[in-house]
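The values are calculated or read from the model by the stated rules, or taken from the named source; none is laboratory data. Source: prediction; values computed, not measured. Cβ: placed from backbone, ideal geometry, glycine included. Neighbour counts: every protein chain shown. The protein model used for the area step is the full one, side chains on, heavy atoms only, and it has no ligands, DNA or RNA in it. Shrake-Rupley method; radii C 1.70, N 1.55, O 1.52, S 1.80 Å.
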Amino acid sequence: MRIALAAAQAAAAAGETPVGAVVVDPASGEVISVGANQPIGTNDPTAHAEIVALREAARKLGNYRLTDLTLVVTLEPCAMCAGAISHARIGRLVFGAEDPKGGAVVNGPRFFEQTTCHWRPVVEGGVLAEASSAMLKGFFKARRKGAKT
């Protein structure tokens, strides 16, 4: 999660919402890929941290199925990212802060609980949630403050 938090900080420095993600092989401990939010910089609405990390891991491994790998992300994934996690066959999802407005794992549609979801990872939420939440709150507070001046 600390690697994901560093990626989130890099996203914030680039003016993106501070969300970071890491794909890890739990068997070896190897970090396969790291992603940071970049939809603004890439003009790509799908360039969420999770998608960036999943794409890089699939490219690096030469397989779009990432079975048995772990995805660590600083914020509860949205519906789009939850769908991608399912399609990638991620074995375990670990996330930091919950997202009551846009989350789709423990909030909103609860994607992995739907009967139409064909693959469900093991989910663990709340890992370093305070650090993730504080980074997001600080980022948006600074943006609101900047908008008022």
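If you take the Cα centroid of the stretch 1-27 and the Cα centroid of the stretch 96-129, the two points sit 18 Å apart.
Based on DSSP, what percent of beta bridges with both residues in the chain are antiparallel, to the nearest 5?
In the chain, approximately 55 percent of DSSP beta bridges are antiparallel ones.
A 1.4 Å probe run over the chain, with the rest of the protein chains in place, finds 52 Å² accessible per residue.
Return the carbon/sulfur percentage of the accessible area of the chain, one whole number, probe 1.4 Å, all protein chains in place.
56 percent
In the chain, the longest principal axis of the Cα atoms and the axis of helix 49-61 are about 40 degrees apart.
Each peptide among 105-111, 115-121 gets the average number of other Cβ atoms lying within 10 Å of its residues, and from highest to lowest they stand as 105-111, 115-121.
For the chain, what is the relative contact order in percent, using Cα pairs closer than 8 Å and at least 6 residues apart in sequence? Relative contact order comes out at 19 percent. Placing a label point 7 Å from the Cα of Phe140 along the Cα-to-Cβ direction, the residues of the stretch 6-28 whose backbone N falls under 19 Å of that point are 8-21.
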